[in-house]
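What follows is one structure encoded as structure tokens, with my remarks underneath.
The values are calculated or read from the model by the stated rules, or taken from the named source; none is laboratory data. Just so you know, these numbers come straight off a predicted model, no measurement behind them. We place every Cβ from the backbone using ideal geometry, glycine too, and count neighbours over all the protein chains shown.
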Amino acid sequence: MKYRHVIFIVVLILLIDQALKIWIKTHMYMQQEFIIFPNWFRIHFIENEGMAYGLKFGGDFGKILLTLFRLAAVVIGFWYMRKLVREHFHTGLLICGSLILAGAAGNLIDSMFYGIIFSDSTYDIARFLPKEGGYGPFLHGKVVDMLYFPIYEGYLPKWIPFKGGDYFIFFRPVFNIADAAISTGVITILLFQKRFFSRHITTEPSQNEPVVNGAVE
């Protein structure tokens, strides 16, 4: 696998991720929902100021810190992926690394620029490049989420400790393509780490070894 293949995967995921997010921002208002498959898949528009799957990180300062961390991670990620390609690591690892890098870059774009280029979505559909300016300054954009899979909704049996009788939804978090790419990459690496981290090392015959008919003895 070559480095240009890594770039291709990253760009492809970014295009899909950003195309869906921009469509959501310019066609839906906050908390609006479209049911795709009844009972288990919906497009549900929310925004979050923090990490993947709606997790948060410490107010305005935390938001800036998280965005800068994402930026540093993406820059280092491109450098590290080039290093892995040069050292001939397993193709599966390179693909998973590309997915993680694309996901980080996708959410980074939201955090850096969406506050500048979009109006607020709370009470109306957002406008692209509004004359009065966007809803937030640079580095204060909110990450757009929309994929919601409430596969099971109901009350838990009362015999379950601590949560028995509570209303339960699985899977509750709303996420986006970038989050899915990161999760897919990380989980796959964890499952196949032994195979992925065995590199293809090309060995050359030593100058001290005799060569007979083109073969090393």
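Number of residues in segment 50-63 that are modelled with pLDDT of 70 or more and either closer than 20 Å to Asp145 by Cβ or basic (Lys, Arg) (or both) equals 2. Output the number of residues of segment 152-179 satisfying the condition of being surrounded by 11 or more Cβ atoms within 10 Å (Cβ to Cβ) and either among the charged types (D, E, K, R) or part of a loop (DSSP other than H, G, I, E, B) (or both). The qualifying residues number 12. Restricting attention to segment 109-140, the residues that are surrounded by 23 or more Cβ atoms within 10 Å (Cβ to Cβ) and without any contact (Cβ under 8 Å) to a residue 60 or more places away in the chain total 1. Just one of the listed residues (Ile177, Ile189, Ile116) is modelled with pLDDT of 95 or more, touching a Cys at 6+ places or on another chain (Cβ under 7 Å) and of a type in the set (A, V, I, L, M, F, W, C), and it is Ile189.
For segment 80-95, the condition holds for at least one residue, the condition being that it is β-branched (Val, Ile, Thr) and closer than 30 Å to Phe170 by Cα.
Residue-by-condition table, conditions (1) acidic (Asp, Glu); (2) assigned to a helix (DSSP H, G or I); (3) over 18 Å from the mean Cα position of the chain (by Cα):
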residue: Ile22; (1), (2), (3): no, yes, no
residue: Phe34; (1), (2), (3): no, no, yes
residue: Ile46; (1), (2), (3): no, no, no
residue: Lys63; (1), (2), (3): no, yes, no
residue: Arg82; (1), (2), (3): no, yes, yes
residue: Phe89; (1), (2), (3): no, no, yes
residue: Ala104; (1), (2), (3): no, yes, no
